[in-house]
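Here the structure comes first, spelled out in structure tokens, and everything after it is commentary.
We did not get these values from a lab; they are worked out from the coordinates using the rules stated. These numbers come from a predicted model, not from an experiment. Counting neighbours? That spans all protein chains shown, and the Cβs are built from the backbone with ideal geometry, glycine included.
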Amino acid sequence: MRAITITQESEPIQLTEISKPEITGEECLIKLSACALNRRDQWIREGMYPGIQFGTVLGSDGCGIVEEGPSEWKGKEVIINPNVEWGSNPDVQSSKYSVLGMPTDGTLAEYIKVPAHRLHEKPSHLTSEEASALPLAGLTAFRATIKKGAVNAGKRVLVTGAGGGVSQLAIAFAIASGADVYVTSGSEEKISRVKKMGVKGGFNYRDEKWFKAAMELGGLDSIIDSAGGNQLNNYLKIIKPAGRIVMYGSTTGHPEKLDVFRLFWSQAQIMGSTMGSDDEFVEMLEWVTKHQIIPTVDKIFEADQCIQAFDRFKEPDSFGKIVIRF
């Protein structure tokens, strides 16, 4: 079968031929129709991820049809919970935790085998491409926004980096909760596009004083952030007393300094968040179905266009999730 693997070639991403998986016991064999990329996949490509194992099939997100396995699953169109051994503590992942696509073979292939308890029926209102864009980004966004950020009706929330796949699902969950949602972006066009989703307003972070305009809102209850870096001190200027700053990424690196005085005087909470528990995956799917949430798909590529698909991460106009079809 065809699969996209990480190699030691000059171009690490390669579409290769590998053996089709064979299932045992309560495993299912899924013929994948659509798979979505995550930043994690690109970081592995760039050698910026710990514990890279060459020859691994990449990808954490996928949608397909169950071809083999327990009778109750055969023939169903499913998505896969990408969690591997979250553990019994709902507050934090176990020391054995990982996600599909490293070190376990992932979804960027024609077939994948997974235990049956990892499967969920595809939400009926989504296409296979939209559904493939949901699992990892949806779980990350749901935990950060609804669980950690405590975003709900009447709250004012800022979601940073409006063009990303996770941030757009965070926006969708926040809007569904009844909150007033604002965003940051380096692109006025992207701010305009998310306003069509129901976002109240946006701030261009390329303006060094963007936070002053945000201060005019009267304070934010929650900030859902993937950037980190020196913006953290700006977040402390605009968060309400006892507000929550939830960080699920650090694409701009570490802050050079932290305004500790403002932090403790404001009683603000800085909270880390990553992926989510299996129970939260189920809750996330319930929200998606109840509120008819649709992940934003940026572009769809065929498997033999995998290099172009990965390169799409580098293009400034990318907006939403990148999908590959097999």
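Laid out as a table, the results:
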{"quantity": "Choice from LYS200, LYS257, LYS122 showing the highest fluctuation, given a GNM over the chain with Cα pairs closer than 10 Å", "calculated": "LYS257"}
{"quantity": "Rounded, prolate or oblate (a/c below 1.5 giving rounded, otherwise prolate when a/b exceeds b/c) for the stretch 80-164 by Cα gyration tensor", "calculated": "oblate"}
{"quantity": "Counting DSSP beta bridges with both ends in the chain, the antiparallel % (nearest 5)", "calculated": "55 percent"}
{"quantity": "Burial order of peptide ranges 209-218, 74-83 (average beta-carbon count within 10 Å, highest first)", "calculated": "74-83, 209-218"}
{"quantity": "Listed residues SER187, SER128, SER250, most fluctuating in the chain (Gaussian network, C-alpha, under 10 Å)", "calculated": "SER250"}
{"quantity": "DSSP bridge orientation in the stretch 139-272 - percent antiparallel, rounded to nearest 5", "calculated": "0 percent"}
{"quantity": "Kirkwood Rh and Cα Rg combined as Rg over Rh, evaluated for the chain", "calculated": "0.98"}
{"quantity": "C-alpha long axis of helix 278-290 to longest principal axis of the chain, angle in °", "calculated": "80 degrees"}
{"quantity": "Beta bridge orientation in the stretch 90-216: antiparallel %, DSSP, nearest 5", "calculated": "10 percent"}
{"quantity": "Expected 222 nm ellipticity per residue - DSSP helices of 4 or more, -39500 (n - 2.57), all of the chain, to 500", "calculated": "-6500 deg cm²/dmol"}
{"quantity": "Cubic angstrom per residue, convex hull over Cα atoms of the stretch 139-272", "calculated": "92 Å³"}
{"quantity": "Peptides ranked, highest mean first, by Cβ atoms within 10 Å: ranges 29-40, 148-159", "calculated": "29-40, 148-159"}
{"quantity": "Residue with peak Gaussian network fluctuation, the chain [Cα springs, cutoff 10 Å], from ASP304, ASP61, ASP221", "calculated": "ASP304"}
{"quantity": "Computed magnitude of the charge dipole of the stretch 139-272 (debye, nearest 20; Cβ of K, R +1, Cβ of D, E -1)", "calculated": "280 debye"}
{"quantity": "Cα-centre dipole for the chain with unit charges at Cβ (Lys and Arg positive, Asp and Glu negative), debye to 20", "calculated": "1280 debye"}
{"quantity": "Dipole of the chain [Lys/Arg +1, Asp/Glu -1 at C-beta], most positive-end residue of THR7, ILE293, ALA133", "calculated": "ILE293"}
{"quantity": "Between the stretch 1-76 and the stretch 195-257, the Cα center-to-center distance that results, in Å", "calculated": "35 Å"}
{"quantity": "Links that overshoot a 25 Å alpha carbon limit, given the list LYS196/LYS290; LYS237/LYS321; LYS76/LYS148; LYS237/LYS290", "calculated": "LYS237/LYS321; LYS76/LYS148; LYS237/LYS290"}
